[in-house]
Amino acid sequence: MAWDKNEFRKRYNTLARIYDPGLGLYRAVGLRIETYRQETVAALQLRPGDTVVDLGCGTGLNFSYLHAAVGDSGHIIGVDLTPAMLAKAKHRVQKAGWNNVTLIEADMSTFYLPPQANGILSTLALATVPDYGDVVAKVASSVNAGARIANFELQWPERWPTWLARLAVFLNRPAGVTPDIVRRRPATAIERYFEQVETRELYFGAAYICSGTAPKEN
């Protein structure tokens, strides 16, 4: 059973201290998480001076890629449900000396999106929200035409042997990954509400990167 929002906040307040070092386990087995974060940011097609919102920003692991894209003249807005994760993100921002990052503790389901946002990013976070379809619909109706959305997410690998898929989910359980969460597919909502949608599957269907452009008429 998937954690509810209160459980996610509670668990990630505890996990925040070891979250970044824990990702080393993925690197150790050859998973290119950082590469796919970079590629998801690249799919936003950001330019210097743009405003970008990172939904479920966690400890700010995307910020270096976002800052490289929007520059000092741009604006990065990081939104997360968990205070301890945001504290780590704040430390990352201060250490890097970035003055154009705003951190907001909020539920992405109810967060008011700035209409001037040029890009909306979510990596390994959107599928944890039960009403992810409503979140995507709200993004599409809030931003201006031409704004981009990009999502990197895990999903149930239909082409894997069932036992291996179940093992992968089990090993990711400490981070809140459950069979019902990986069967959610925010890409379907992006395909519904956005145009020029591109979806690329990774690891034989165990993950994907999906991006699209807000339509002219929302």
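The values are calculated or read from the model by the stated rules, or taken from the named source; none is laboratory data. Please read all numbers here as calculations on a predicted model, not as lab measurements. Remember, those area values only see protein heavy atoms, side chains included, never the ligands or the DNA or RNA. Shrake-Rupley method; radii C 1.70, N 1.55, O 1.52, S 1.80 Å.
For this structure, a couple of remarks:
- By the helix-only formula, in which each DSSP H run with n ≥ 4 contributes -39500 (n - 2.57) and the sum is divided by residues, the chain has a 222 nm mean residue ellipticity of -12000 deg cm²/dmol.
- Lysine pairs within the chain, Cα separation less than 20 Å, 8 or more sequence positions apart or different chains: 5
- Relative intensity of the stretch 27-181 on a log10 scale, I(q)/I(0) at q = 0.15 Å⁻¹, equals -0.81, per a Debye sum over C-alpha point scatterers of equal strength in the absence of solvent.
- The chain: antiparallel DSSP beta bridges as a percent of all, rounded to 5: 40 percent
- Of the accessible area of the stretch 161-218, computed with a 1.4 Å probe over protein heavy atoms only, carbon and sulfur atoms account for 57 percent.
- Kirkwood-type radius of the stretch 133-208, with distances r between different C-alpha atoms, in Å: 13.7 Å
- Computed over Cα pairs, the Kirkwood radius of the stretch 57-132 leads via Stokes-Einstein (1.306 mPa s, 10 °C) to a diffusion coefficient of 123 µm² per second.
- Cα gyration tensor shape for the stretch 8-111, rounded if a/c is under 1.5, else prolate or oblate: oblate
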